[in-house]
Structures are given as C-alpha cells and as structure tokens.
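Enquirer: Handing you a structure now.
The values are calculated or read from the model by the stated rules, or taken from the named source; none is laboratory data. Predicted model only: the values in this text are computed from it and were never measured. Please note: Cβ atoms are built from the backbone with ideal geometry, for glycine as well, and neighbour counts cover all protein chains shown. Surface areas here come from the heavy atoms of the whole protein model, side chains and all, with no ligands, DNA or RNA. Shrake-Rupley method; radii C 1.70, N 1.55, O 1.52, S 1.80 Å.
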Amino acid sequence: MNNQKICTFYISEFHLLTILLPYINGKLLEEKEIAVILQNDISGNVKTYLKNVRNLNLDNEKIINIGWNKSSEKELENDLNGKYIIVVGSKEYIEKVNSKIIQNFTTEEILNCYKVNEIERIDKILMNHSKVLNTRGKRDVKKFSQNAQKSKTIRTQI
C-alpha cells in the first residue's frame, strides 16, 4: 500500500463513467474496497448510465451502493486505509482531498479525475501521477509523453 496516484481526464460525466465503471467493476470482482469522494452529486447520472448501457456486464447494484453523492468533510474522517479511492472534482478540490488522504491514510490507489475543460495544463497533472486511466485501462504516464509518441511515429515511418 503506497498511495499510488493515477489520473484520468474526462469531457462529461457520462464520459467519466465510461472510463470509471469498468475499472470499478474489476476492483469489485477482486473484492477490493472502493471509496468515491465527489465534489458534486452524480448519483442520477450513474443510475441513468447503468440503465441505458447494457453491454458492459457490470454489477449495477454494487456500483450504485458505492455512493455517488456529494462528499462532505466528515467523509474524509472515515477510515480509508487500504481502500481504492476515487476523487472527482476541480483541480483545487482534488489537491485538497489528496493532501488529507496522504497525511492520514495508507491506500492502495488514489484515482484523481479531472474534467478537461477545467484544467490548463495536463502535463503538470501527469507529472504528479504514475499512471493514466482511460477506456483501455491503466497506462504508464511515460507512454503519454510527446517524446514517446514521436519515437513511435518515427519508427513506424521507417
């Protein structure tokens, strides 16, 4: 348990759910504990998403029961040790929550979810995370660097 930090970037809450729900479902199948810390309530969108998207083979009941309501300061006082934590909110909110988590708990992973149109520099965020989660799963941050992409492109053109 090392407070490994992962990030993801999303355009809308439905895009976020497309990225998160397979990840969450995988953790639930492994019988891992998950805590979701939200700046805003997205429970309605989670229910709508699960109702309308049928081909993902998710455990809808367990996913809904995780809790998708706006988190309060008190929830950060709950025992988060050993859990997989997902934080969704503004950059400032995520930084504040991460600081409290890192000071007070030892977790498996902290997954920070950033809305693309609310951040200025993705590269600065990537520097503080070891992996990126997208619809294909977790990837090392290095694979998202421009130099890695350039070298791949150059190799494929030779």
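Enquirer: Which value results when the Cα radius of gyration for region 15-92 is divided by 2.2 N^0.38 Å?
Expert: 1.08
Enquirer: If you take every residue apart from Glu108 with its C-beta less than 13 Å away from the C-beta of Glu108, what net charge results, scoring Lys and Arg +1 and Asp and Glu -1?
Expert: So the environment of Glu108 carries a net charge of +2.
Enquirer: Can you work out the accessible area per residue across the chain, with the rest of the protein chains kept in place, probe 1.4 Å, in square angstrom?
Expert: Result: 61 Å² of accessible area for each residue.
Enquirer: A further question on this structure: May I ask for the percentage of alpha-carbon pairs in region 1-54 that lie more than 17 Å from each other?
Expert: Of all Cα-Cα distances in region 1-54, 44 percent exceed 17 Å.
Enquirer: While we're here: Quick one: work out the % antiparallel among DSSP beta bridges in the chain, nearest 5.
Expert: Approximately 15 percent, going by the DSSP bridge assignments.
Enquirer: Next up: Modelled label-to-label distance, Asp41 and Ser99, 7 Å Cα→beta-carbon offset: nm?
Expert: 2.8
Enquirer: Using a simple spin-label model with points 7 Å from Cα along the Cα→Cβ vector, what separation in nm is obtained for Asn78 and Glu61?
Expert: Each label point is offset 7 Å from its Cα along the Cβ direction, giving 2.0 nm.
Enquirer: Taking the mean number of other Cβ atoms within 10 Å as a proxy for protection, how do you rank 61-69, 42-50 from highest to lowest?
Expert: Answer by packing, highest mean first, reads 42-50, 61-69.
Enquirer: Counting only complete DSSP H runs, which helices of the chain cover 15 Å or more along their long axis at the Cα atoms and score a mean Kyte-Doolittle of 0.0 or above?
Expert: 13-29
Enquirer: Sticking with this one: Averaged across orientations, what area in nm² does the convex hull of the alpha carbons in the chain project?
Expert: Average of the hull's projected areas for the chain equals 10.4 nm².
Enquirer: Roughly what would the spin-label model give for Asn134 and Asn117, points 7 Å off Cα along C-beta, in nm?
Expert: 2.1
Enquirer: Percent of accessible area on the chain owned by carbon and sulfur, 1.4 Å probe?
Expert: 45
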